[in-house]
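Each remark here refers to the structure printed beneath this line.
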């Protein structure tokens, strides 16, 4: 009897051994890897499943749920591990002929019902063994029962059902390998030597370079990024896109510079064969190039407004921002009289938005503004589409410590003053080799005083100095140097004037006029081109005892205001006027030499707070031709019509009162008309509120404009 019982127990032990082994194996499935996400201190314990379409699939150890994350969410160490695991999986799958259905993936699974039957059969098998060893008289039926139970058990185990995997798991299956390997080998032969994220980016680039429709879509996207600025156009061929501009921004220039090198801005012809050349499909370089030790000459990028962006380090390897060489917009004027940035112009986000590139680097990668994302050593990162981009930062050197893409260096330059090749060349007007820094100088204003005429203001020890310059249709450039009182001696220019015995210099540059044309001249200048200490010589405006005046190019029709000083700046007494009964005191205006045939006059003052907006500060019409002035505060008192103030809240004048020390430009224009447009006569007060600058000039189609004069001036807040 004891022998039978011992034999019975051994049989049971052999029967349950597979179940014990399976239970032990299952314990290891709950030991996953700790994955670290870059967007915080979050850690996930999960098992790796697959990496597909830039998404990583994991199985959570605790909940057994399927999780998915973009690969960029992981730490760089985990990203490398994921991509290595993905490469290993692809190699394994290439050597196995696993059946992968395109719509669903089938797996073998035993249902709960069959599992219950199998358990009952297993119990029956155990009972049969007990009966066989315990009762010798019924061994034959016990053997039959045992064999039948064993047959049924094996049948259930081999007839597992096929079940569809949930939808989120379908994407984890590796794609079939047929042609992918050959394509990658021919397009990116050395991708395995670069970082894993670069491999994926290279695949995207190589496919786009062979796909015409993709290239067309790419260039359309690039053109759209530059579309907000009228002074820039984009052309392209199969390999490059070309940025054409005059490097003349729609914002101010110069103001804020405290370390000035005597340059003033001139438009540059960066068009045609002299445009900026940028690759359409950039490629990562094997070795990034440091911008601290290289590329101190020329540009690293071009902003979406067509202005180039140079290295933040100047040619003396000094940080241009930290030593005060840059204006309030991050730019200054170079040795070629060219305006360019040395910082990423993040202020352009006010126009293009925060989700659009602000520039394109000359290696082909876009440049964006500030971000909270983790950046690499080049202040760049890969976006969710695995495309590389640079970013601006608040950490010196503020952008692009390294150039990540492939570039060609100018063979005629050497480090550190080498540059990316090719680059456009500037067209300087004055030889600037002898220019020096002006001690204590701060650039305080830069204004356009007429067509192709400008006034550059700088202050030294509380005294204002001006460089008034212009060029005519024959490309004669005239530079006049004066102080705020019109004086011409002891000017702190230190090299800008080649002959200190005079304050006027004249240059001729015919090639410039062939290159750049910002519009036809509308202001007259004296025919006398001789050098003189008189600051009015060869300028488009003149300073008189009656204030600031401008004369028409077509006649002697002259517009003046005693409220504007000789440099074209509004005097402090006429800024931020207080309202009395809802009306501000208007600026004093006078005029003379009204053209013959004039019946009525109209006057407007307007400005452009941004390129797409016009503000009206004063609008007057139906002024009799016999009137010669409007006294200070007299705009509301005359026998004429007046339009709305800037806010459209009343019929009056609005005085300049810019916030935060801002300098704004204003345009005062007087029109000599054959008559007042009939549609503007006898308007009600409500209707007058609709007649601003834009509406006024729209009605001039009804009459003849005999002549007009525009006086441009600036106002800086108190």
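Tabulated results
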{"quantity": "Residues that are touching a helix residue (DSSP H, G or I) at 6+ places or on another chain (Cβ under 8 Å), over 16 Å from residue 69 (Cβ atoms) and either assigned to a loop (DSSP other than H, G, I, E, B) or not assigned by TED's automatic domain parsing to the domain that holds residue 361 (or both), drawn from segment 377-389", "calculated": "387"}
{"quantity": "Residues of segment 317-362 classified as farther than 19 Å from residue 304 by Cβ and in a strand (DSSP E or B), total", "calculated": "3"}
{"quantity": "Which numbered condition residue 296 misses (of (1) in contact (Cβ under 8 Å) with a residue 12 or more places away in the chain; (2) surrounded by fewer than 23 Cβ atoms within 10 Å (Cβ to Cβ); (3) closer than 29 Å to residue 475 by Cβ)", "calculated": "(3)"}
{"quantity": "Selection from segment 623-638 of residues that are surrounded by fewer than 20 Cβ atoms within 10 Å (Cβ to Cβ), in contact with a strand residue (DSSP E or B) (Cβ under 8 Å, 6 or more places away or on another chain) and either farther than 19 Å from residue 585 by Cβ or touching a residue at least 40 places away in the same chain (Cβ under 8 Å) (or both)", "calculated": "624, 625, 628, 629, 636"}
{"quantity": "Answer residue from segment 431-461, given it is at pLDDT below 90, touching a strand residue (DSSP E or B) at 6+ places or on another chain (Cβ under 7 Å) and surrounded by fewer than 20 Cβ atoms within 10 Å (Cβ to Cβ) and is nearest to residue 262 (Cα to Cα) among those", "calculated": "448"}
{"quantity": "Search result, residues across segment 476-492 that are closer than 23 Å to residue 431 by Cα and at pLDDT below 85", "calculated": "488, 489, 490"}
{"quantity": "Strands (runs of 3 or more DSSP E) enclosed by segment 249-309 - at least 2 residues per element that are more than 13 Å from residue 423 (Cα to Cα)", "calculated": "284-290"}
{"quantity": "Residues located in segment 456-488, provided they are in a strand (DSSP E or B) and under 19 Å from residue 508 (Cα atoms)", "calculated": "467, 468, 469, 470, 471, 476, 477, 478, 479, 480, 481"}
{"quantity": "Which numbered condition residue 413 misses (of (1) in contact with a strand residue (DSSP E or B) (Cβ under 8 Å, 6 or more places away or on another chain); (2) surrounded by 17 or more Cβ atoms within 10 Å (Cβ to Cβ))", "calculated": "(1)"}
{"quantity": "Test set (1) modelled with pLDDT of 95 or more; (2) under 30 Å from residue 438 (Cα atoms); (3) under 9 Å from the mean Cα position of the chain (by Cα) - residue 346 fails condition number", "calculated": "(1)"}
{"quantity": "Conditions (1) surrounded by fewer than 16 Cβ atoms within 10 Å (Cβ to Cβ); (2) at pLDDT 90 or above; (3) in a helix (DSSP H, G or I): number failed by residue 699", "calculated": "(1)"}
{"quantity": "For residue 316: the one exception among (1) free of Cβ contacts under 8 Å to residues at least 60 places away in the same chain; (2) touching a strand residue (DSSP E or B) at 6+ places or on another chain (Cβ under 7 Å)", "calculated": "(2)"}
{"quantity": "Condition check for residue 280: surrounded by fewer than 24 Cβ atoms within 10 Å (Cβ to Cβ) and farther than 13 Å from residue 363 by Cβ", "calculated": "no"}
{"quantity": "Some residue of segment 306-321 being in contact with a helix residue (DSSP H, G or I) (Cβ under 7 Å, 6 or more places away or on another chain) and surrounded by 16 or more Cβ atoms within 10 Å (Cβ to Cβ)", "calculated": "no"}
{"quantity": "Filter pass, residue 711 being assigned by TED's automatic domain parsing to the domain that holds residue 605, touching a helix residue (DSSP H, G or I) at 6+ places or on another chain (Cβ under 8 Å) and crowded, with 21+ Cβ neighbours inside 10 Å", "calculated": "no"}
{"quantity": "Residue in segment 665-696 that is nearest to residue 560 (Cα to Cα), counting only those that are in a strand (DSSP E or B) and in contact with a helix residue (DSSP H, G or I) (Cβ under 8 Å, 6 or more places away or on another chain)", "calculated": "671"}
{"quantity": "Matching residues in segment 363-376 - criterion: being in contact (Cβ under 8 Å) with a residue 60 or more places away in the chain and in a loop (DSSP other than H, G, I, E, B)", "calculated": "363, 364, 365, 374"}
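For every residue, the table says whether it meets (1) in the same structural domain as residue 472 (by TED's automatic domain parsing); (2) at pLDDT 85 or above; (3) surrounded by 15 or more Cβ atoms within 10 Å (Cβ to Cβ); (4) under 42 Å from the mean Cα position of the chain (by Cα).
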{"position": "494", "(1), (2), (3), (4)": "yes, no, yes, yes"}
{"position": "504", "(1), (2), (3), (4)": "yes, yes, yes, yes"}
{"position": "527", "(1), (2), (3), (4)": "yes, no, no, no"}
{"position": "532", "(1), (2), (3), (4)": "yes, no, yes, no"}
{"position": "550", "(1), (2), (3), (4)": "no, yes, yes, yes"}
{"position": "579", "(1), (2), (3), (4)": "no, no, no, yes"}
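Here's the yes/no breakdown for (1) in contact with a strand residue (DSSP E or B) (Cβ under 9 Å, 6 or more places away or on another chain); (2) more than 19 Å from residue 230 (Cα to Cα); (3) modelled with pLDDT of 95 or more:
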residue	(1), (2), (3)
268	yes, no, no
272	yes, no, no
275	yes, no, no
278	yes, yes, yes
282	yes, yes, yes
303	yes, no, yes
312	yes, yes, no
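The values are calculated or read from the model by the stated rules, or taken from the named source; none is laboratory data. Everything numeric here is computed off the predicted structure, so don't read it as measured data. Reconstructed Cβ throughout: ideal geometry from the backbone, glycine too, with neighbour counts over all protein chains shown.
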